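Take a look at the structure below.
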Amino acid sequence: MSKKTTYITTPIYYVNAQPHLGHAYSTVVADTYSRFCKLRGDDVRFQTGTDEHGDKIVEAAAQENIEPRQYVDRIATMFKDTWPLLDIDYDRFIRTTDEDHVAVVKHILQTVYDGGDIYFDEYSGLYCTGCERFLIERELVDGKCSDHLVAPKEITEQNYFFRMSKYQQQLIDHIRNNPDFVTPERYRNEVLSFLSDPLDDLCISRPASRLNWGIRLPFDGNYVTYVWFDALINYLTGIGFPEGEQFEHYWSGAEHLIAKDILKPHAIYWPTMLMAAGVPLYKKLHVHGYWNVDETKMSKSLGNVIKPAQLVQDYGADAFRYFCLREMSFGLDASFSSAAIVARNNADLANDLGNLFSRSVSMIDKYCQSILPAPDKADQDNDLRHAAAEMISAYRIHMGEFKFHQGLQSVWEFVGAANRYIVRNEPWSLAKDENKTARLQTVLYNLGESLRLLALLLKPVMPQTALKMMKGLGIDSGSVVMQTLEQGGSWGLSVPGTKLSKVGNLFPRIDTKTQTKGPKKVPQHPKKSKTDPPKTGPQISFDQFKEIDLRVAKIVAAEALPKSKKLLKLSVLAPEERTIVSGLAGSYRPEDLVGQSVIIVANLKAAKLMGVLSEGMVLTAELKDDEGNDRLALVTVPGPVKAGTKLA
Ligand code: MSP
């Protein structure tokens, strides 16, 4: 059976700005998807590049007093040099100044012109230099372009026009008949809504007298090609259109990835251009939201532009890649902050995954001299196997649908299950009992196997970490079982007798204290004199005390609140189910709380914490751990006491 082909592209980035977080995000997503498709067994091609023509570039070069050619070479190199830092593994980096691209643009223009879909006309319109296009009245807000906040210039010119309106109905039909053509659905709806009004034709030329940095029209040398008409065609050039074998091979699997800012050119101009050129439409358009920084728009003028090289230096490529994919729900906007990336690094990576890896590997070392033991065939441990199978099937579906945050959530559910498996089986106790050696070996094998599956699934997201895990597990990264989900995605493929090797921790914890700029504020307490009587605070009457509804509550679910370092959301039975938000995150992992019976103040006035209504308070005691950090210890009640029991 021939392999499914996938051709994934990023937008080609304008070279009027240096690479930043937004470009890095799109490119990381495309790289992860490309690697995921390879894991799924597809034949994959991945393209990124730079968009180098048009007004904006001429302006940027002029500001630096250099020729456009010199300017674009410099910035394109910056993009090219950035991607290896993030482990981006593309097949082609295309530049719109590449010779083959210029030839393909001319070829398409000539084809569409010969087909009668390009005509010459005089046009007056409102031109926005930022957008590099004419805007229509209903796109303006208070007479200004809503993206660039400047009033467009009224321009009258003779130009060439593409008969886009002719293809309006054909495009509507295509979108209706192919629900996945534009996803997520909100963007599909946005495009259909735009198409519910009559579509204008598209001005596709600029007089060379006004702008000569562009591709000359093959049928009129006095004009250059409009930058969008030129740029979109990169997706065809990169696979050898029109003749190339690669075009035949990959085009039917073309999936474009963009952010919401360039939806219209990709969902309207591009498919109608393809229709006019007689080229089949691309398969899918995936649209993501925008990253803001600390809740505000990222912009040069605000000085909050985040550079990928800095991110890699501060957090490492893998932690950044994981953060991007886990934190943003694909399609929606998200907010970037150092606190958020540090929280994800410490909780998900260092704590959950890192600890699972280091505990498991060091127990195999301690109890089996670093040799993976053989499991007892009769001893199946079905729960863990089922959890692994569930993870793989959920991961495959979500990653394939660009729901990366959900794909990773499924993986972390399994990480949690494996950590609980250690707690439940207590290998350290099994090791003390000679009669339980077989059981100990089964448990350790199962942990090794869980880690192998995790390394396999994490390859697309965190390539370096996956390699390190494989090395630690003694598995050759080229081995067949680590290549595809089909070959390696079933339980029990780790080979007993494999020698593990020491690779150290997967992720260092990032010390939040060293992350904050400026000195840390230390709360001031009044000094106590040795003779002061112990303070007990204001006294309350017995009747007042009786007002407090203290009850036993059983925790049935716990999860981190994504935007908070401290808070966990608990579902408790007391005896009715209620939600309590509690500051336990620095002291407990959610999975360690489930099943515990604790004491709550049940009649505390409900209050919203980080947007979640908290109906009560869990009682805790403060303590200092071995390293002198403040921690909270839950006040727990033995299991047999029923949930809802009142404290007398
Ligand atoms: N050159 C055009 C694209 C032509 S594609 C045929 C262009 N370039 S751009 O440099 O402005 O890049 C826009 C793209 O960069 C967005 O679609 C998105 O992929 C990425 N991002 C830029 N800023 C972003 C955020 N703040 N957040 C997320 N991604 C954003 O438009």
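As a calculated quantity, the FRET efficiency between ASN505 and ASN435 at R0 = 35 Å, using C-beta atoms, amounts to about 0.55.
Let me check against my output: what whole-number percent is the relative contact order of the range 5-288, with C-alpha pairs under 8 Å and at least 6 apart? 22 percent. Axis of helix 99-114 versus longest Cα principal axis of the chain: the two differ by about 60°, to the nearest ten degrees. The gain in end-to-end length when the ASP365 to GLU248 segment is fully stretched comes to 36.9 nm, 0.36 nm per residue minus the alpha carbon separation.
Roughly how many Å is it from the Cα centre of the range 191-268 to that of the range 1-45, as a whole number? Answer, in whole Å: 19. Placing unit charges on each Cβ (+1 for Lys and Arg, -1 for Asp and Glu) gives the range 5-288 a dipole about its Cα centre, and among LEU199, ALA30, ILE239 the Cα reaching farthest toward its positive end belongs to ALA30.
Positive end of the dipole of the range 334-488 (Cβ unit charges, origin at the Cα centre): among GLN380, SER358, TYR445, the Cα lying farthest that way belongs to SER358.
Pull out a ≥ b ≥ c, the square roots of the eigenvalues of the alpha-carbon gyration tensor of the range 211-273, then state rounded if a/c is under 1.5, prolate if not and a/b is larger than b/c, and oblate in the remaining case.
Working: a/c = 2.61, a/b = 1.27, b/c = 2.05.
The shape class here is oblate.
Figure legend: label point modelled 7 angstrom from the Cα of ARG74 along Cα→Cβ; residues of the range 1-26 with amide N under 18 Å from it are 14-20.
Entry comment: accessible area of the chain is 48 Å² per residue, from protein heavy atoms only and a probe of 1.4 Å.
Please tell me which of these pairs span more than 19 angstrom C-alpha to C-alpha: LYS38/LYS502; LYS366/LYS499; LYS38/LYS459; LYS297/LYS608? Mind dumping the intermediate values first?
Working: LYS38/LYS502 29 Å; LYS366/LYS499 13 Å; LYS38/LYS459 10 Å; LYS297/LYS608 27 Å.
Violating the 19 Å limit, Cα to Cα: LYS38/LYS502; LYS297/LYS608.
Where a ≥ b ≥ c are the square roots of the eigenvalues of the C-alpha gyration tensor, would you call the range 5-288 rounded, which needs a/c under 1.5, or, failing that, prolate if a/b is larger than b/c, or oblate? Rounded is the answer for the range 5-288, as its axis ratio a/c remains below 1.5.
Where the centroid of each part is defined by its Cα atoms, how far is the range 96-111 from the range 548-575 in Å? Computed from Cα coordinates, the inter-centre distance equals 61 Å.
Qualifying chymotrypsin sites (Phe, Trp or Tyr not before Pro) in the range 206-296, where qualification requires a DSSP coil assignment and no more than 12 other C-beta atoms within 10 Å, are lacking entirely.
Multiplying the residue separation of THR579 and ASP89 by 0.36 nm and removing their Cα-Cα distance gives an extension gain of 171.9 nm.
Of the residues ALA621, LEU567, GLN544, the one whose Cα sits farthest toward the positive end of the charge dipole of the range 542-634, with +1 on the Cβ of Lys and Arg and -1 on the Cβ of Asp and Glu, is LEU567. Dipole check for the range 17-129: with +1 at the C-beta of Lys and Arg, -1 at the C-beta of Asp and Glu, and the Cα centre as origin, the magnitude is about 460 Debye. Of the chymotrypsin sites (Phe, Trp or Tyr not before Pro) found in the range 349-432, no site is in coil according to DSSP while having at most 15 other Cβ atoms within 10 Å of its Cβ. Model label points for GLN63 and TYR119, set 7 angstrom from Cα along the Cα-to-Cβ axis, are 3.9 nm apart. Looking at the chain, send over the antiparallel percent of its DSSP beta bridges, to the nearest 5. If we restrict to bridges inside the chain, about 70 percent are antiparallel.
Extension gain LYS307-ARG176, at 0.36 nm per residue separation less the Cα-Cα distance, in nm? List each step's numbers first, then the result.
Values: separation 131, 0.36 × 131 = 47.16 nm, distance 3.95 nm.
That works out to 43.2 nm of additional length.
Put a dot 7 Å past the Cα of GLN487, heading toward its Cβ, do the same for GLN544, and the two dots end up 7.2 nm apart. The alpha carbon gyration tensor of the range 130-268 gives principal lengths a ≥ b ≥ c with a/c of 1.5 or higher and a/b no greater than b/c, which makes the shape oblate. Measuring between alpha carbons in the structure, the pairs from LYS377/LYS468; LYS284/LYS403; LYS3/LYS283; LYS566/LYS605; LYS4/LYS283 lying more than 19 angstrom apart are LYS377/LYS468; LYS566/LYS605. If a spin label sat at a point 7 angstrom from the Cα of SER2 along the line to its beta carbon, the backbone N atoms of the range 35-49 nearer than 14 Å would be those of 43-44. The figure for ASP91 is an accessible area of roughly 80 square angstrom, using a 1.4 Å probe on the protein chains alone.
Here the dipole of the range 152-241 is about 200 debye; that uses its Cα centre as origin and unit charges on the Cβ of Lys and Arg (positive) and Asp and Glu (negative). In sequence order, the range 480-495 has phi-based couplings of 3, 6, 9, 8, 10, 5, 5, 7, x, x, 10, 6, x, 8, 5, 9 Hz under the Karplus curve 6.51 cos²θ - 1.76 cosθ + 1.60, θ = phi - 60°, and Gly or Pro positions carry x.
Once you keep just the Cα pairs under 8 angstrom separated by 6 or more residues, what percentage relative contact order results for the chain? Rounded, it is 11 percent for the chain. For trypsin sites (Lys or Arg not before Pro), the sites in the range 417-469 that DSSP calls loop and that have at most 14 other Cβ atoms within 10 Å are LYS432.
Would you mind getting me the FRET efficiency between ALA374 and ASN292? Use the beta-carbon distance for r and R0 = 60 Å, nearest 0.05.
Details: r = 52 Å, r/R0 = 0.87.
Efficiency for this residue pair is about 0.70.
So what's the gap between the Cα centers of the range 48-91 and the range 148-186, to the nearest angstrom? One Cα centre to the other: 27 Å. Our helix-only sum for the chain, with -39,500 (n - 2.57) per DSSP H run of n ≥ 4 divided by its residues, gives a mean residue ellipticity at 222 nm of -11000 deg cm²/dmol.
Whenever you get a sec, compute what percent of the accessible area on the chain sits on carbon and sulfur atoms (1.4 Å probe). Mind showing how you got there, number by number?
On the way: 15710 of 31100 Å².
That share works out to 50 percent.
Backbone amide hydrogens, once placed in the peptide plane, bring ALA558 within less than 5 Å of SER571, excluding anything fewer than 5 places away on its chain. Normalised by the number of residues in the range 542-634, the average gap of Cα pairs under 8 Å and 6 or more apart makes the relative contact order 26 percent.
The values are calculated or read from the model by the stated rules, or taken from the named source; none is laboratory data. Since this is a predicted model, take the numbers as computed values, not measurements. Cβ sites come from the backbone with ideal geometry, for glycine too, and all protein chains shown count toward neighbours. Accessible surface areas use protein heavy atoms only, side chains included; no ligands, DNA or RNA. Shrake-Rupley method; radii C 1.70, N 1.55, O 1.52, S 1.80 Å.
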